[in-house]
Amino acid sequence: MKFNTIIFDLDGTLLNTIDDLVENVNLVLKQQGYPVRTFTEIKSFIGDGIFMLITRALPKDSTRQEILRCFDIFTNYYLTNMYNHSKPYDGIIELLKELKLRNIKTAVVSNKLDQATQKMCQHYFGDLISVAIGDNKERKRKPEPDNVLEALKQIGSTQEESVYVGDTKIDVETARNSKLPVVGVSWGYRGRDELSEAKADYIIDEPWQLLEYMIN
């Protein structure tokens, strides 16, 4: 086997969280008197963390103070409403179970809030994910390599034996910065074209295809 460790992105890779994100973003916008955003708009805002999601959703002339205020409101809403519609993509649970049977180590590194990342991984995946790291004050978020390298440290793996899996160009950049090969998933929030343009090493359309990549 080529690799014994996989670092996964979360939103758009393992979990389809878009409906809860759209619902909570628009809840904040509507409550604060701002125009709500379309599903497509909010989907395009995702990938650089919740702060950037809120920044992009608010009017372009919003002050940093206003962005921070709305960010805090969103955080409070989301942490109690992030399980309403979110669910693993088809085939993900089966994939994670098979990886565990094969003694392949798994971790998640996300730009989602650290608390939300850990809670969601525990809620949906239990012991199928060994380490979960989200956006935190201790290290720089993706595409910087800090959290990926920390995950490898916690899980006891090296860059040479690991691969990164994600759905956006941010994930490809993260893998490059972390010196890991990257597998793109076409079912996520950006699609095959963005992954191809970003030059992902390999692109899969179904979760089970990751096993083929790991073996061949």
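The values are calculated or read from the model by the stated rules, or taken from the named source; none is laboratory data. Please read all numbers here as calculations on a predicted model, not as lab measurements. Note: ideal-geometry Cβ built from the backbone for every residue, glycine included; neighbour counts use all protein chains shown.
Go through segment 1-33 residue by residue and tally those that are over 21 Å from the mean Cα position of the chain (by Cα), hydrophobic (A, V, I, L, M, F, W, C) and modelled with pLDDT of 95 or more.
Adding up the residues that qualify gives 3.
Being part of a loop (DSSP other than H, G, I, E, B) and either more than 25 Å from the chain's Cα centre (by Cα) or not charged (D, E, K, R) (or both) is the filter here; which residues of segment 47-59 pass it?
GLY47, GLY49, LEU58, PRO59
Among the candidates THR106, THR117, single out the residue that is in contact with a strand residue (DSSP E or B) (Cβ under 6 Å, 6 or more places away or on another chain), of a type in the set (Val, Ile, Thr), closer than 28 Å to GLN159 by Cα and not in a helix (DSSP H, G or I).
When all the criteria are applied, what remains is THR106.
Give segment 60-85 a look and list any residue that's under 24 Å from ARG190 (Cα atoms), without any contact (Cβ under 8 Å) to a residue 24 or more places away in the chain and part of a helix (DSSP H, G or I), or say none.
PHE71 - this is the single residue of segment 60-85 that is under 24 Å from ARG190 (Cα atoms), without any contact (Cβ under 8 Å) to a residue 24 or more places away in the chain and part of a helix (DSSP H, G or I).
I want to confirm something. Restricting to segment 180-216 and keeping residues that are aliphatic (A, V, I, L, M) and in a loop (DSSP other than H, G, I, E, B), which single residue is farthest from PHE39 (Cα to Cα)?
LEU180
Restricting to segment 132-156, count the residues that are among the polar types (S, T, N, Q) and surrounded by 23 or more Cβ atoms within 10 Å (Cβ to Cβ).
1
For segment 14-46, give me each residue that is hydroxyl-bearing (Ser, Thr, Tyr) and part of a loop (DSSP other than H, G, I, E, B).
Within segment 14-46, THR17, TYR34, THR38 meet the criteria.
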